[in-house]
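Taking it in order: structure first as structure tokens, then the write-up.
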Amino acid sequence: MPTNYGFVDTTANQGERGRRIVWRKYQNPNRIVQKTVTITPPGTKTPITVTVDEIAPPLTPWSDWMQSPGNLGPLQALRNADGRIILFGINSAGHLYRSEQRVAQALKPSDWTGWVQMDIGTSIFVAMAPALDSAGAVNFFGVNSLGDVLHTRQSPPCTSTWTGWTTPGLSGAAFSRWLPVPMATTIWCWSPPTSRNITT
């Protein structure tokens, strides 16, 4: 069963971009507790005492805050089709990284992968828009420092294998705003004074 997560970042004024520290916490799962009950078995008049397991809510609804390693700026969270959360972040140098849950119910730091750099062989990124398509694969669209739109996709879905970077017919467009559409294959982009969409 997927675990609900909360994410927050804090910024200290260090340079133009600032230094952002990502913190996360998760929703604690239900507990199994033992309860003693008295029952009278069928066909008898003598009650007996038995111990049974019951599901109880957690003692505290949420975990403590945990600091994530790295110095990331913009951060995007998205669920894989199998329920695992995948994070994308851009650091102060414009490099793109991802980290994802190893299991859907990630209750400790080791249940997450380390940060993996994704932008090998590309320019630095300034914006991003990950989205889940109808086939269950995460598509990542990003804008680099030249205003080019770059795209990569999980292949197959729900794995750590990604296709090579491609430019879906949009180069040097200097897009300034992105709107990902969940569970769709269309990403809308705005580049004043006109707008257009990409259909994959």
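The numbers here are math on the coordinates, done by the rules we state, and not lab data. Here the structure is a predicted model, which means the values were calculated and not measured. Please note: Cβ atoms are built from the backbone with ideal geometry, for glycine as well, and neighbour counts cover all protein chains shown.
Compared with the direct C-alpha span, the chain from Ile120 to Leu107 gains 1.6 nm at full extension, assuming 0.36 nm per residue. The protection proxy used here, the mean number of other Cβ atoms lying within 10 Å of each residue, ranks peptides 128-139, 111-122, 73-84 as follows, highest first: 128-139, 73-84, 111-122. Partner lysines whose Cα lies under 26 Å from the Cα of Lys35, excluding those fewer than 8 positions away in the same chain, are identified as Lys45. Each peptide in 93-105, 152-164 was scored by the mean count of other Cβ atoms within 10 Å over its residues; highest first, the order is 93-105, 152-164. In summary, the lysines within cross-link reach of Lys25, defined as a Cα separation below 18 angstrom excluding same-chain residues under 8 places away, comprise Lys108.
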